[in-house]
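Engineer: Could you have a look at this structure, given as structure tokens, before my questions?
The values are calculated or read from the model by the stated rules, or taken from the named source; none is laboratory data. Because the structure is predicted, anything quoted here is derived from the model rather than measured. Cβ atoms come from the backbone with ideal geometry, glycine included; neighbour counts cover every protein chain shown. Quick note on the areas: whole protein, heavy atoms, side chains included, nothing else; ligands and nucleic acids left out. Shrake-Rupley method; radii C 1.70, N 1.55, O 1.52, S 1.80 Å.
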Amino acid sequence: MAKLSETYACAPSTERGRGILISGDSKTNNVLYCTGRSVIIRNLENPLQVSVYSEHAYPVTVARYSPNGEWIASADVSGTVRIWGTHNDFVLKNEFRVLSGRIDDLQWSFDGMRIVACGDGKGKSFVRAFMWDSGSTVGDFDGHSRRVLSCAFKPTRPFRIVTCGEDFLANFYDGPPFKFNMSIRDHSNFVNCVRFSPDGSKFITVSSDRKGIIYDGKTGNKLGELSTEHGHKGSIYAVSWSPDSKQVLTVSADKSAKIWDIVEDGSSGTLNKTLACTESGEVEDMLVGCLWQNDFLLTISLGGMTNLYSAKDLDKSPCSISGHMKNVTVLTLLKRSEKMLLTSSYDGVIIRWIPGKGYGGKFESKQFGLIKLLVAGQDEVIASGFDNKVYRVPLEGDNLGPAETLDVGSQPKDLSLALDSPELAIVAIESGVVLLKGSKILSTVKLDFVVTAAALSPDGSEAIVGGQDGKLRIYSVSGDTVTEQTVLEKHRGAITVIKYSPDVSMFASADLNREAVVWDRASKEVKLNNMLFNTARINNLAWSPDSTLVATGSLDTCVIIYEIGKPASSRRTIKGAHLGGVYGLTFIDQDRVVSSGEDGCVRVWTLISE
């Protein structure tokens, strides 16, 4: 058996020039955000407590808790809203097709009976309110001519709905059944977000014209504006009220977050504090989302970095958490005194994770772009992207040193490092293999078959090369020459991965045809076969530190752990480890295996002996 012990969650999906609307549940202190086709539920007090809902068929845009905290409504780019329970494996209550285009925001009424959703209607209506149990429409929402970016439900009676969008308008509706009351034309650019105060007396709109305007919650009359003195210098993307309705938090493209004191009668808002922005000032530090929940203030930047501030002590430096936004293709363990995992996604982000603690920081990897392969040695990392280059980068403390670049003449298919003599490395390219020593190319060996994978033994004396034809060829390596020793035939598909066991007495290989094989290194006999329990191509293999377990990670979302010396049928399977497929796999120690995948998450599984 294997039990999920930790999840290092992905970062929220962000988009340049748009705010993202996040929300939470004040009772449990959970927050919701969306990445790809998943909704991530994350606890603010314990960020490693993460659950993921991934039943949507299209990318999810927004998710909200119902007022009683029992249900969550989430919406996607196809205009579908799904309402599901927060307990019992997220049981589905209802699914409605609400709009004909993407939904950008949705909000529950305070009694939990009605939901209003807005977005892009593709020529039809841009806003719809409906009953949560039957889906029947309550009211008419005309008055918008372009995409509606945000909507809000007044949290007290009498019910009101305000919507705002790209036609520079905010529209005020009363009901139910809801009907158009008036248009508010105070902004001169996109109105990005509208929010009612928790006591229902006021609402505020923020816009790309850098203004925030306060209105009366019941009548919709303008009361005042946020002061322009020390105001934002860029578009304001999102706004969130404090629980006592006396302050608001705004975030902007000028990379700052500001807290404003709102006067009781709403006639003005004065700046209370600007939250320090510590980052480097890159485009990625634009703030696009915020949330004020209980004692936590949350800001999200374009690069996916989440900063958590404490409302009681705003001068305290924030706790920063981040993650990947794209498929995590590389997962490797740094063998140091403190165990550390390195992951990288193909967009070139390299993140350190510390088992038990979670996010350990990002590596500044501006010196190379996209990353396809990455191998970590003792004090260095070797990486390659989608061009002909291989980078050897020294690890200097918590950062990467200057990279040495080698041109290997063709796009690398596989990289392998000799762990005992880390100077030596082998790079598989389509036409053969390249031997590296330090930052020099020893030799480029042309082979008469298409190479798909390669591995170098820890002492650097032997190399195994896998081909498109499914054969494994073993070469002895001395200096800059390689000599073919034997050919092993068993696989029926192109080889995807080859790994030596830590005690070097065996090696394992896997192919596109979903089969893995463990070989004895001395006799070249098959040690464990019939490892055919994956249903799609195998992307990765990992050995446990004492060479008794071998794990496979596959496109079919499963991780399967086999034990050497026992038949393959007595395997342990982790089903649905990652939505979209498992791409990275490694053991931290004998009892814990880590996987990463298409969904941008990294998960630690504890193996329980049976």
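Engineer: Just a yes or no: is a residue in segment 176-190 out of contact with any helix residue (DSSP H, G or I) (no Cβ under 6 Å at 6 or more places or on another chain), surrounded by 24 or more Cβ atoms within 10 Å (Cβ to Cβ) and touching a residue at least 24 places away in the same chain (Cβ under 8 Å)?
Structural biologist: No, there is no match, as no residue in segment 176-190 is out of contact with any helix residue (DSSP H, G or I) (no Cβ under 6 Å at 6 or more places or on another chain), surrounded by 24 or more Cβ atoms within 10 Å (Cβ to Cβ) and touching a residue at least 24 places away in the same chain (Cβ under 8 Å).
Engineer: While we're here: Restricting to segment 291-315, name every residue that is among the polar types (S, T, N, Q) and farther than 21 Å from Tyr237 by Cα.
Structural biologist: Selection gives Asn294, Ser310.
Engineer: Examine segment 332-345 for a residue that is open to solvent by 10 Å² or more (accessible area, probe 1.4 Å), of a type in the set (Lys, Arg) and touching a Gly at 6+ places or on another chain (Cβ under 8 Å), and state whether such a residue exists.
Structural biologist: Looking through segment 332-345, none of the residues is open to solvent by 10 Å² or more (accessible area, probe 1.4 Å), of a type in the set (Lys, Arg) and touching a Gly at 6+ places or on another chain (Cβ under 8 Å).
Engineer: Taking into account only those residues within segment 556-570 that are closer than 18 Å to Val594 by Cβ and not β-branched (Val, Ile, Thr), which is most open to solvent (accessible area, probe 1.4 Å)?
Structural biologist: Restricting to residues being closer than 18 Å to Val594 by Cβ and not β-branched (Val, Ile, Thr), the top hit is Cys558.
Engineer: Answer yes or no as to whether Thr573 is assigned to a strand (DSSP E or B), under 20 Å from Ile608 (Cα atoms) and open to solvent by 40 Å² or more (accessible area, probe 1.4 Å).
Structural biologist: When the stated conditions are applied, Thr573 passes them.
Engineer: Any chance you could count how many residues in segment 306-318 are surrounded by fewer than 20 Cβ atoms within 10 Å (Cβ to Cβ) and within 18 Å of the chain's Cα centre (by Cα)?
Structural biologist: 1
Engineer: So which residues in segment 466-501 are of a type in the set (Lys, Arg) and outside any loop (DSSP other than H, G, I, E, B)?
Structural biologist: Matches in segment 466-501: Lys471, Arg473, Lys499.
Engineer: State which residue is surrounded by the most Cβ atoms within 10 Å (Cβ to Cβ) when the search covers only segment 108-144 and only residues that are out of contact with any Asp or Glu (no Cβ under 8 Å at 6 or more places or on another chain) and of a type in the set (Ser, Thr, Tyr).
Structural biologist: Here the residue is Ser109.
Engineer: Related question: Could you list all residues from segment 240-256 that are part of a loop (DSSP other than H, G, I, E, B) and either within 19 Å of Gln107 (Cβ to Cβ) or open to solvent by less than 10 Å² (accessible area, probe 1.4 Å) (or both)?
Structural biologist: Once the filter is applied, which keeps residues that are part of a loop (DSSP other than H, G, I, E, B) and either within 19 Å of Gln107 (Cβ to Cβ) or open to solvent by less than 10 Å² (accessible area, probe 1.4 Å) (or both), segment 240-256 yields Ser242, Pro243, Ser245.
Engineer: Quick check on segment 588-602. Is at least one of its residues in contact with a strand residue (DSSP E or B) (Cβ under 7 Å, 6 or more places away or on another chain), on the phi > 0 side of the Ramachandran plot and buried (at least 22 other Cβ atoms within 10 Å of the Cβ)?
Structural biologist: Yes: segment 588-602 contains one or more residues that are in contact with a strand residue (DSSP E or B) (Cβ under 7 Å, 6 or more places away or on another chain), on the phi > 0 side of the Ramachandran plot and buried (at least 22 other Cβ atoms within 10 Å of the Cβ).
Engineer: Inside segment 1-107, counting only strands (runs of 3 or more DSSP E) that do not spill past its ends, which hold 1 or more residues that are over 22 Å from Val127 (Cα atoms) and open to solvent by 40 Å² or more (accessible area, probe 1.4 Å)?
Structural biologist: Working: elements: 2-8, 23-25, 30-35, 38-43, 50-53, 60-65, 71-76, 80-85, 92-97.
Per the criteria, 2-8, 50-53, 92-97.
Engineer: Another question about this same structure. Report, ordered by the first and then the second residue, all pairs with beta carbons closer than 8 Å, sequence separation of six or more or different chains, a first member in segment 415-438 that is under 19 Å from Phe386 (Cα atoms) and free of Cβ contacts under 8 Å to residues at least 24 places away in the same chain, and a second member that is part of a strand (DSSP E or B) and aliphatic (A, V, I, L, M).
Structural biologist: Sorted first by the residue in segment 415-438, then by its partner, the pairs are Ile429/Val451; Glu430/Val451; Ser431/Val451; Gly432/Val445; Gly432/Val451.
Engineer: May I pose another question? Just give me the residues in segment 402-452 being in contact with a Ser or Thr (Cβ under 8 Å, 6 or more places away or on another chain) and of a type in the set (Gly, Ala, Ser), in sequence order.
Structural biologist: The answer is Gly409, Ser410, Ala418, Ala425, Ala428, Ser431, Gly432, Ser443.
Engineer: For segment 321-370, name all the residues that are more than 16 Å from Ser595 (Cα to Cα), at pLDDT below 85 and in a strand (DSSP E or B).
Structural biologist: Hits for segment 321-370 are Gly360, Gly361, Lys362, Phe363.
Engineer: For segment 543-554, check the following and say yes or no: at least one residue is surrounded by 19 or more Cβ atoms within 10 Å (Cβ to Cβ) and at pLDDT below 90.
Structural biologist: no
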